[in-house]
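Input: a single structure, listed below in structure tokens.
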Amino acid sequence: MADRGELNPDTSIGIVFSLMLGLAFLFMGMMPGSRTEALNLFWGSILTVSRGNLIFLALVTAIIAGLAVAFYKEIQAVICHRQVALAVGIPATLIFYGILFSTGVTITASLRSIGGLLIYSLILNPAAAAYQLTYSLKRMLLIASVFGIISCWAGLAASYFLDFPSGASIVITSSIIFGLATAFSPKRKVKGWQQA
């Protein structure tokens, strides 16, 4: 869709996610019997993650982080401008689809324990918040990682002490972090100064 429709990849991912979410709810409504297992794919059960799940998630994290470090310059070139990356000989299409594949593997590995809606929030909100605070891709990746960790720990703490659902607490925490980052964004100040 991003290649053929001249759409931003972020927009394409959002459209596909919305479509898949709508289809999932449609088919869940048509399912006979109990829908508990199907609902777990949306909400997950983060507080009941098994040791095996943690080991598998750690392995997936290590592999994807290793690939990101090994191909950092190529990824940076493709993220910034795919046509320029192609012009200098970087296999931009392969790198782009590698990024999408890595995202898919991460989602698949995390789906049962974390849930689809929480994964979407943890992919989008920390990255969007970090984008508000820096122009450097390297700093943005580090800040997004820290925001993701803070969202999880603060959300779990709120869930424990306030008796809220854990997934909802994490999503709300990551959304609050995004709101604060946007409110105090240096980019917002620069944009306001340029318009004046």
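Here TYR120 fulfils each of the conditions (1) part of a helix (DSSP H, G or I); (2) among the aromatic types (Phe, Trp, Tyr); (3) at pLDDT 85 or above apart from (3). Scanning region 69-99 for residues that are aliphatic (A, V, I, L, M) and touching a residue at least 24 places away in the same chain (Cβ under 8 Å) gives ILE75, ILE79, ILE95, ILE99. I need the full set of residues from region 143-186 which are among the polar types (S, T, N, Q), crowded, with 17+ Cβ neighbours inside 10 Å and at pLDDT below 90, in order please. SER159, SER166, SER169, listed by residue number.
Does GLY52 meet the test of being exposed (fewer than 10 other Cβ atoms within 10 Å of the Cβ), at positive phi and at pLDDT 70 or above? No, not satisfied.
When only residues in region 58-114 that are surrounded by 16 or more Cβ atoms within 10 Å (Cβ to Cβ) and not in a helix (DSSP H, G or I) count, which is nearest to the chain's Cα centre (by Cα)? Only one residue tops the list, namely PHE71.
The values are calculated or read from the model by the stated rules, or taken from the named source; none is laboratory data. Just so you know, these numbers come straight off a predicted model, no measurement behind them. Counting neighbours? That spans all protein chains shown, and the Cβs are built from the backbone with ideal geometry, glycine included.
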